[in-house]
Amino acid sequence: MSEEIRHEWPLFEVFVRAKRGLNHVHVGSLRAADHEMALHHARDLYTRRNEGVSIWVVRSDDVVSSGPADKDAFFAPSGDKVYRHPTYYAIPDSVPHI
Amino acid sequence: MSFDDDAYGALTDHDDDARWAYGTGFADPLAGVPTAVPGDLDRACLAAYCLMLGDDALVMSHRLQQWVTRAPELEDELAIANIGLDLLGQARLLLGRAGEVEGAGRDEDALAYLRDAGEFRNVRLAERGDADFAHLVARLLVFSCWRLPLLDRLTASRDPVLAAIGAKGVKEVTYHREYAAQWVVRLGDGTDDSHRRMRAAIDAVWPAVGELFETHQVEARLAAAGVAVDPALLRPEFDEAMSQVLAAATLSKPMDATEAGPSGRDGAHGPELGEILAEMQELARAMPGGVW
Amino acid sequence: MSDLAAPSAGERVFAETIAKDQRVEPRDWMPDGYRKTMIRQIAQHAHSEIIGMQPEGAWITRAPTLRRKAILLAKVQDEAGHGLYLYSAAETLGADRGDLTRRLIEGRQKYSSIFNYPTPTFADVGVIGWLVDGAAICNQVPLCRSSFGPYARAMIRICKEESFHQRQGYELLMTMMRGTPEQRAMVQEATNRWWWPSLMMFGPPDADSPNSAQSMAWKIKRHSNDELRQRFVDMSVPQAEALGVTLPDPELRWNAERGQHDFGEIDWVEFKKVIAGGGPLNEQRIAHRRRADEEGAWVREAAAAHAAKQAAAAHAAKQAAANQAAANTAAARPAAAERAAGRAEGRA
């Protein structure tokens, strides 16, 4: 069994804001030696067909995430608060601009 | 199993376009730019100047294309291809302008594929081969530190097309210079081995620097007419940028020692350009009349 | 090792996710077999993209017009990008790109054998775009609904970019077919060489495909090899007609009863030979990748060393600043204590 070769460069997660007014969205990851390289590479890899407005790179090690087991406690309370959604309210079509 | 006739109709069940950072189509950088040549200018002279800047970009791009599938890391494949594409784009615009101004019916392809080495007007820096990645980034750094202020000043050219090309090119070459500079610093101040290689690469490229700042008579005439950039004026900016990068890379600047001989600007080139053109032009010349 | 009594919560959620056609995400529980299969499939897909840069990459410097040169350079660049999206998806499962690259170079992981064929003419560039990318698209569109989230999302992105790839290839061929007789012959000859290998891209017949059943159950794979191959043939026949080339299969004909095209038997002996490493350029493709990887090692090390130096310097600077701040605070304290003592004395 040959030894595992570990990559020399750490993994970075990439977030891109494609247009003004939108959020940054996670688009994937890449390998880079440092933050400057990560930004350059992210620009080359994820914004090739458009001028992405803004890029964030974060070392994958620094990303803290909720676990799937936490799902119920974290997320369920928002699931039953349907009154947050506009479609919950039945308003006659005849009422304009709403 | 059902597919739409257009396979991509089957793709998304959510409208994802806002998520992905790419758009549709590209703006033509010369859209709306007047193409008339200012009446007082010598057209042959202007065409020659466009060829100089165009050949620099075309030949440099060729060297970068040769690195595709050989880059030190996959992310660098994208970066190198990106720089190659930018320079190829600049070459196409410049060669196109040269043909237009010359008025002899030669387009970008006729100029790229049917001229012999003696008719190419690139500086010799562009045609040099790269023994390793350190040589590539050294050459790219020098090229970009020279070309960036050149394109920047070109934005003030009385030829509207050159001005537009300059404006587009500045954004691109800013990025190229940064890429090269970061690598020169990483390699210069990395391991002992990389420091040695980077030292050797800078020493190898330095003799080609002098030619970049020698004012050719075409450049002198057109600079006086407010159309071209006198390259001699670029030296201080070049030196400043190079000094900063080399210092950060823990490398000393080599002594200036320009290699002797006639200039690439006059069509005098080494065997390297012959090899480049043999590769580039072979198919096009073998099938004249072919449509591609 | 699963508990044979009751399924765990993780197993239940996994089964439900698959059943509902939803996505499994990296931190979800998943069977070991699923994780391993996913890593291998994604990695081999990634390797294919990277090795796939070589056959067409060879034509960039020799492209006969500047426009074709730019298009080809952009296409090959995209392929590097696709490889990267896929390696990134594999890494969400705990794989390491350096390790995966090592496996490719040592022959322990495969790549699509279509890339072991040579590209002797520029028409090959067009035919690869038309047929090879066309077959890849047929394979990949269904994978956009693959059960593993990062893989499905990578596939969506790849498919959108791939549309440019197929169209540029087909457009080149259309242009050449309107050119000289020599060009038309070149297109037909390239088609003759690439048609059967393209059909082989869909893998062995369903009956001979042992891993398929589990992959289908886990919704990693959404359609069978034969289904996709049939679809590809049906799409390509009218495209060939529009181009004016003949597909090199005398048994290819429309079957009105089935509503599909009948086609001839694939040479599975050649298929197995190429898969096993006996293709025309297997060795060269891997050797090229190995050389690039080896020659790049000193560069990657240097970048890592530089980053470490920068991090150490930043840490030292931070430490020095903290020490200075602490020293300033300590120096300030005795003076404050004196003043307080003075006030106390004054009151006493």
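The values are calculated or read from the model by the stated rules, or taken from the named source; none is laboratory data. Source: prediction; values computed, not measured. No Cβ is skipped: glycine too gets one built from the backbone with ideal geometry, and neighbour counts run over all protein chains shown. Protein only, heavy atoms only, side chains kept; ligands, DNA and RNA dropped before computing areas. Shrake-Rupley method; radii C 1.70, N 1.55, O 1.52, S 1.80 Å.
Listing for the model above:
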quantity	calculated
Flag for B:Gly289 being assigned to a loop (DSSP other than H, G, I, E, B), at pLDDT below 95, more than 17 Å from B:Asp56 (Cβ to Cβ) and within 14 Å of chain C (Cβ to nearest Cβ)	yes
Test: residue in segment C:44-53 that is touching a Lys or Arg at 6+ places or on another chain (Cβ under 8 Å), among the hydrophobic types (A, V, I, L, M, F, W, C) and either within 10 Å of chain A (Cβ to nearest Cβ) or farther than 22 Å from A:Leu45 by Cβ (or both)	no
Among (1) among the β-branched types (Val, Ile, Thr); (2) outside any helix (DSSP H, G or I); (3) at pLDDT 95 or above - the single one B:Thr258 does not satisfy	(3)
Qualifying residue in segment C:274-283 (condition: within 14 Å of chain B (Cβ to nearest Cβ), open to solvent by 60 Å² or more (accessible area, probe 1.4 Å) and outside any loop (DSSP other than H, G, I, E, B))	no
Test: C:Val233 is in contact (Cβ under 8 Å) with a residue 60 or more places away in the chain and part of a helix (DSSP H, G or I)	no
Filter pass, C:Gly57 being without any contact (Cβ under 8 Å) to a residue 40 or more places away in the chain, buried (at least 18 other Cβ atoms within 10 Å of the Cβ) and more than 14 Å from C:Tyr151 (Cα to Cα)	yes
Residue match in segment C:189-203 (condition: free of Cβ contacts under 8 Å to residues at least 24 places away in the same chain and within 9 Å of chain B (Cβ to nearest Cβ))	no
Exclusive hit being farther than 19 Å from C:Pro64 by Cβ, open to solvent by 30 Å² or more (accessible area, probe 1.4 Å) and part of a helix (DSSP H, G or I), set C:Gln166, C:Gln188, C:Gln140	C:Gln166
Test: residue in segment C:128-148 that is without any contact (Cβ under 8 Å) to a residue 12 or more places away in the chain and in contact with a strand residue (DSSP E or B) (Cβ under 9 Å, 6 or more places away or on another chain)	no
Residue, farthest from B:Asp152 (Cα to Cα), within segment B:234-251, restricted to residues that are exposed (fewer than 15 other Cβ atoms within 10 Å of the Cβ) and not charged (D, E, K, R)	B:Thr250
Every residue from segment C:63-77 that is at the interface with chain B (Cβ under 8 Å from one of its Cβ atoms), under 20 Å from the mean Cα position of the chain (by Cα) and of a type outside the set (S, T, N, Q)	C:Leu73, C:Ala74, C:Val76
Segment A:23-58, subset in contact (Cβ under 8 Å) with a residue 12 or more places away in the chain and in a loop (DSSP other than H, G, I, E, B), residue farthest from B:Leu85 (Cα to Cα)	A:His24
Hits in segment B:103-112 - residues which are surrounded by fewer than 22 Cβ atoms within 10 Å (Cβ to Cβ) and part of a helix (DSSP H, G or I)	B:Asp109, B:Ala110
Segment B:26-67: number of residues that are surrounded by 24 or more Cβ atoms within 10 Å (Cβ to Cβ) and either β-branched (Val, Ile, Thr) or in contact with a His (Cβ under 8 Å, 6 or more places away or on another chain) (or both)	1
Segment C:144-167 - residue that is more than 18 Å from C:Tyr87 (Cβ to Cβ) and among the basic types (Lys, Arg) and, of those, modelled with the lowest pLDDT	C:Lys160
Condition met for B:Glu73 (touching a strand residue (DSSP E or B) at 6+ places or on another chain (Cβ under 9 Å), buried (at least 23 other Cβ atoms within 10 Å of the Cβ), charged (D, E, K, R) and free of Cβ contacts under 8 Å to residues at least 24 places away in the same chain)	yes
Residues that are without any contact (Cβ under 8 Å) to a residue 12 or more places away in the chain and part of a helix (DSSP H, G or I), drawn from segment B:187-217	B:Asp192, B:Asp193, B:Arg196, B:Gln217
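Residue-wise test of (1) open to solvent by 10 Å² or more (accessible area, probe 1.4 Å); (2) in contact (Cβ under 8 Å) with a residue 24 or more places away in the chain; (3) not in a loop (DSSP other than H, G, I, E, B).
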| site | (1), (2), (3) |
| --- | --- |
| C:Arg67 | yes, no, yes |
| C:Ala70 | yes, no, yes |
| C:Leu73 | no, no, yes |
| C:Asp78 | no, yes, yes |
| C:His82 | no, yes, yes |
| C:Ala90 | no, yes, yes |
| C:Gly98 | yes, no, yes |
| C:Arg102 | yes, no, yes |
| C:Arg108 | yes, no, no |
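Residue-wise test of (1) among the charged types (D, E, K, R); (2) touching a helix residue (DSSP H, G or I) at 6+ places or on another chain (Cβ under 8 Å).
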residue: C:Gly134; (1), (2): no, yes
residue: C:Cys138; (1), (2): no, yes
residue: C:Arg145; (1), (2): yes, yes
residue: C:Ile156; (1), (2): no, no
residue: C:Glu161; (1), (2): yes, yes
residue: C:His165; (1), (2): no, yes
residue: C:Gln168; (1), (2): no, yes
residue: C:Leu172; (1), (2): no, yes
residue: C:Met177; (1), (2): no, yes
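Yes or no, residue by residue, for (1) out of contact with any helix residue (DSSP H, G or I) (no Cβ under 7 Å at 6 or more places or on another chain); (2) modelled with pLDDT of 95 or more; (3) over 16 Å from B:Val161 (Cα atoms); (4) not in a helix (DSSP H, G or I):
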{"residue": "B:Tyr49", "(1), (2), (3), (4)": "no, yes, no, no"}
{"residue": "B:Gly54", "(1), (2), (3), (4)": "no, yes, no, no"}
{"residue": "B:Leu58", "(1), (2), (3), (4)": "no, yes, yes, no"}
{"residue": "B:Arg70", "(1), (2), (3), (4)": "no, yes, yes, yes"}
{"residue": "B:Ile80", "(1), (2), (3), (4)": "no, yes, yes, no"}
{"residue": "B:Arg92", "(1), (2), (3), (4)": "no, yes, no, no"}
{"residue": "B:Arg97", "(1), (2), (3), (4)": "no, yes, no, no"}
{"residue": "B:Val101", "(1), (2), (3), (4)": "no, yes, no, no"}
